[in-house]
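Computed from the coordinates by the stated procedures, all read-outs in this text should not be read as laboratory data. All values derive from a computational prediction rather than experimental measurement. As a convention, Cβ positions derive from the backbone with ideal geometry for all residues, glycine included, and neighbour counts pool all protein chains shown.
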Amino acid sequence: MKIAVIGSTMMDVVAYTDAMPAPGETRAMQDFHVACGGKGANQAVAAAKCGAEVLMVTKTGDDIFGARARENFAHFGIDMDYVMTAENTPNGVASIIVDNSSQNRILINKGANDCLTPDDVEQAAPALKQCDMIVLQMEVPLATVYAAIELGRKYDIDVLLNPAPANPDLDISKLAGCAFVMPNETELSLMTGMPVNSQAEIEAAAKKLLAMGVKKVIVTMGHQGSLLVTADTVQVVPTMKVDAVDTTGAGDSYIGCFAANYAKDGDIPGAMQMASAYAALGVTKKGTQEAYGTAQEFADFLKQHNIG
Ligand code: RIB
């Protein structure tokens, strides 16, 4: 089973602080690190750590961050045939502040990610046709996301879209045929223009996406678990309570793990349960990719929580 991730690569520059600086204030932070991130790369690494074979289609920068990102893909055994370098362009960078309630605030400079074009997706078609699923997010141009959805439709490959970060310009009529759309509540509200203050409202908003031709919607709801909405089912899969220290990239670990497990056996609630547990494990450590559990760590965590 092979999963293709078409999407972003960033370098994360992360500050950990006990309080946000006020305007004009300089504060000392408690911890700092620079690490490989980006929603696409995070999802690819999570899927690879969960045992999937992964093809990455992305544009890295022509600088030291780009070089580091390429080494990182190689380290995780990711197929790099379509990990490209945008000439004279910096790598994408995310400036992240994590506070002591484990919440994050992120500013991104897309850099090379903005150079990933529909043509690049078309060039990768021979490799994409060998994959069982295409995973997408929205830190690359929307035209590229639409081209990838179109390619999935053409070659009958399941497409999973994580509509993050939320983008008001997203045209939901272009999502017809997606096997899965996986927003969080905020993204779902922005996509549909509908409120999401209760489960009934979330279901109604998800059904609007189904009416546009999306096959299944999975809404990630943080500590409340995730909600599957299809034409004939609504199912909540709860998550477990953990002591979170950094929730950055939790959605990405959920998606990577979901894709890896779904590609194995097609069991959607089962893959959601694994993904919730994997995301819960990840938030107990600082960072994104380095916080995602190894196979052994995840097996131990599942055992501790009597899952599986
Ligand atoms: O979802 C988390 C990711 O969002 C970070 O790794 C950062 O790179 C931003 O893209």
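Here is how the numbers come out for the structure above:
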read-out: The listed residue being assigned to a loop (DSSP other than H, G, I, E, B) and touching a helix residue (DSSP H, G or I) at 6+ places or on another chain (Cβ under 7 Å), out of 255, 307; value: 307
read-out: Enumeration of residues in segment 148-157 that are surrounded by 21 or more Cβ atoms within 10 Å (Cβ to Cβ) and either assigned to a loop (DSSP other than H, G, I, E, B) or touching an Asp or Glu at 6+ places or on another chain (Cβ under 9 Å) (or both); value: 151, 152
read-out: Answer residue from segment 158-173, given it is surrounded by fewer than 18 Cβ atoms within 10 Å (Cβ to Cβ) and under 21 Å from residue 112 (Cβ atoms) and is farthest from the ligand (Cβ to nearest atom) among those; value: 169
read-out: Residue 49 being among the basic types (Lys, Arg) and closer than 23 Å to residue 122 by Cα; value: no
read-out: In segment 252-268, the residues that are over 17 Å from residue 223 (Cα atoms) and either away from the ligand (no atom under 16 Å from the Cβ) or of a type in the set (Val, Ile, Thr) (or both); value: 260, 261, 262, 263, 264, 265, 266, 267, 268
read-out: Every residue from segment 200-252 that is in contact with a strand residue (DSSP E or B) (Cβ under 7 Å, 6 or more places away or on another chain) and in a helix (DSSP H, G or I); value: 202, 203, 206, 207, 209, 210, 251
read-out: Evaluation of residue 137 against (1) under 28 Å from residue 205 (Cβ atoms); (2) more than 16 Å from the ligand (Cβ to nearest atom); (3) surrounded by 14 or more Cβ atoms within 10 Å (Cβ to Cβ); (4) not small (Gly, Ala, Ser) (one fails), failing number; value: (2)
read-out: Segments classed as helices (runs of 4 or more DSSP H), wholly inside segment 59-136, with at least 3 members that are more than 20 Å from residue 161 (Cα to Cα) and touching a strand residue (DSSP E or B) at 6+ places or on another chain (Cβ under 7 Å); value: 64-75
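The rows are residues; the columns are (1) basic (Lys, Arg); (2) away from the ligand (no atom under 16 Å from the Cβ); (3) more than 13 Å from the chain's Cα centre (by Cα); (4) on the phi < 0 side of the Ramachandran plot.
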{"residue": "18", "(1), (2), (3), (4)": "no, yes, yes, yes"}
{"residue": "28", "(1), (2), (3), (4)": "no, yes, yes, yes"}
{"residue": "33", "(1), (2), (3), (4)": "no, no, yes, yes"}
{"residue": "37", "(1), (2), (3), (4)": "no, no, no, yes"}
{"residue": "50", "(1), (2), (3), (4)": "no, yes, yes, yes"}
{"residue": "54", "(1), (2), (3), (4)": "no, yes, yes, yes"}
